[in-house]
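The values are calculated or read from the model by the stated rules, or taken from the named source; none is laboratory data. Every value quoted in this text rests on a predicted model; they were computed, and no experiment measured them. Neighbour counts run over all protein chains shown; Cβ positions are idealised from the backbone, glycine included. The protein model used for the area step is the full one, side chains on, heavy atoms only, and it has no ligands, DNA or RNA in it. Shrake-Rupley method; radii C 1.70, N 1.55, O 1.52, S 1.80 Å.
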Amino acid sequence: MRTDNRRDLILFLLALILAGSGQNTKEQKEMWQSTFGNVGGKKVFLFTLKNSSGMETVITNFGGIIVSLKVPDRHGVIDDVTLGFDSLQSYVDKHPYFGALVGRYANRINKGTFSLNGKTHQLSVNNGGNSLHGGVSGFDKAVWDVIENECIPGRKLVLFYLSKDGEEGYPGNLSVKVTFTISDSNALDIFYSASTDQTTVLNLTSHPYFNLSGAGSGDILGHELIINADRFTPLNEYNVPTGEIIRVENTPFDFRNPKAIGERIAQNDPQLVYGKGYDHNWALNKKEKEFSFAARVTEQRTGRILEIWTTEPGIQFYSGNFLDGRFIGKGMRTYNHRTGFCLETQHFPDSPNQPAFPSTVLEPGKQFESQTRFLFSNTK
Ligand code: GLA
């Protein structure tokens with residue numbers, strides 16, 4: 001073959017390879033990112049994170065919502081184990097925080113008011129006179145920016161939100177970054193970091209509703225739960241902590257050994273009456289800020305196990321008491337009473353008004369950091 005011909009052939013083959021890889025990149029991009037819609041003129045996307053062990057999760061930059069989370073059961077059967085919707089509009093409309101990032105303050109602040117450095121702040125109230133989950137329009141309703149150069153398509157999604165000074169009544173411009181990472185050990189890790197230009201309070205969480213036998217497949221009362229906590233924070237009749245941190249011994253709040261969620265839920269215990277079931281914060285057994293085991297849920301029929309690890313001092317266990325069949329979820333499935341549970345890693349509710357609780361104050365110049373892991377496995 002003459003040199004010229006050989007050169008042409010090489011160039012032709014190179015062009016073919018490049019065209020092929022271009023195709024792949026486009027396909028890969030489409031697999032990673034697709035359009036979900038628009039909110040307030042801002043583009044909203046779906047991002048797919050996938051590992052090599054059969055786990056896949058779809059997350060949107062609207063509210064940082066985990067739209068789906070698919071994991072294998074004991075026999076390798078994959079199911080979506082989180083409650084949610086098919087359409088963006090259903091997430092824009094009022095809903096009980098399905099899958100969402102919650103902020104600036106997860107759970108309740110009494111009467112939506114607190115004092116910092118001698119100044120009283122009034123938040124917007126949205127829950128019987130209290131402020132719940134950030135107020136009327138919390139982080140769950142924000143369109144987050146995607147930090148593209150920090151994402152790893154298919155593996156890692158990095159979101160950013162600037163919560164402006166005065167938003168929902170909170171002081172300080174707060175910059176928040178949330179990173180979702182999937183790993184081959186069937187873990188979804190959520191890293192939170194934040195900084196502020198004025199002293200403020202914050203408490204961030206992710207609010208997926210789980211049903212380990214598959215979203216929309218029945219109630220969660222048979223799921224077995226362990227919570228690594230000797231104590232919990234009891235509520236008053238308005239679902240705000242009394243300020244006490246009491247022992248779980250001899251109460252239906254003792255989940256130190258595995259117990260079915262439904263086993264004691266109907267007991268005539270004033271705390272269960274206030275919460276309409278479980279809707280309480282447990283004070284985790286841990287050393288300050290250590291990343292440690294918080295809770296485990298096992299569903300015996302499918303063999304699915306969810307373990308939760310966190311750096312946070314508390315976890316809100318909510319047994320889906322307000323689900324009542326009003327919400328039609330993914331695949332037209334109805335979410336009836338207690339068909340999903342939440343385990344929201346957090347600082348304790350109403351900490352800004354409770355000096356004995358771990359502090360939720362963030363000062364300018366300090367970096368807030370937090371990590372939570374949802375780890376899936378199966379019984380043998
Ligand atoms: C948290 C709250 C509950 C409820 C749910 C969502 O768990 O403590 O009272 O608001 O979120 O509905």
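Of the numbered criteria (1) assigned to a strand (DSSP E or B); (2) more than 25 Å from Leu88 (Cα to Cα); (3) small (Gly, Ala, Ser); (4) under 21 Å from the mean Cα position of the chain (by Cα), the one Ser206 fails is (2). For segment 209-246, enumerate the residues that are of a type in the set (A, V, I, L, M) and not in a strand (DSSP E or B). Hits for segment 209-246 are Leu212, Ala215, Ile220, Leu221, Ala229, Val240, Ile245. Regarding segment 76-83, can at least one residue be identified that is crowded, with 24+ Cβ neighbours inside 10 Å, without any contact (Cβ under 8 Å) to a residue 40 or more places away in the chain and more than 16 Å from the ligand (Cβ to nearest atom)? Within segment 76-83, not a single residue is crowded, with 24+ Cβ neighbours inside 10 Å, without any contact (Cβ under 8 Å) to a residue 40 or more places away in the chain and more than 16 Å from the ligand (Cβ to nearest atom). Among the residues of segment 247-264, is any surrounded by 15 or more Cβ atoms within 10 Å (Cβ to Cβ), of a type in the set (Lys, Arg) and not in a loop (DSSP other than H, G, I, E, B)? Yes: one or more hits.
Beta carbons closer than 8 Å, at least 6 apart along the sequence or on distinct chains, pair a first residue in segment 259-279 that is at positive phi with a second that is open to solvent by 30 Å² or more (accessible area, probe 1.4 Å) for Lys276/Phe322; Gly277/Arg338.
The one condition from (1) among the β-branched types (Val, Ile, Thr); (2) farther than 30 Å from Thr199 by Cα; (3) buried (at least 23 other Cβ atoms within 10 Å of the Cβ) that Ile109 does not meet is (2). If you take the residues of segment 202-256 that are more than 16 Å from the ligand (Cβ to nearest atom) and of a type in the set (Asp, Glu), which of them is farthest from Ala266 (Cα to Cα)? That would be Glu244. Scanning segment 264-296 for residues that are within 16 Å of the ligand (Cβ to nearest atom), among the aliphatic types (A, V, I, L, M) and touching a Pro at 6+ places or on another chain (Cβ under 9 Å) yields Ile265, Leu272, Ala283. Counting only residues that are within 16 Å of the ligand (Cβ to nearest atom) and touching a residue at least 60 places away in the same chain (Cβ under 8 Å), segment 130-167 holds 5 of them. Answer yes if at least one residue in segment 302-315 is within 14 Å of the ligand (Cβ to nearest atom) and modelled with pLDDT of 95 or more, and no otherwise. Looking through segment 302-315, at least one residue is within 14 Å of the ligand (Cβ to nearest atom) and modelled with pLDDT of 95 or more.
If the condition is being of a type in the set (Asp, Glu) and within 25 Å of the chain's Cα centre (by Cα), then segment 215-257 contributes Asp219, Glu224, Asp230, Asp254.
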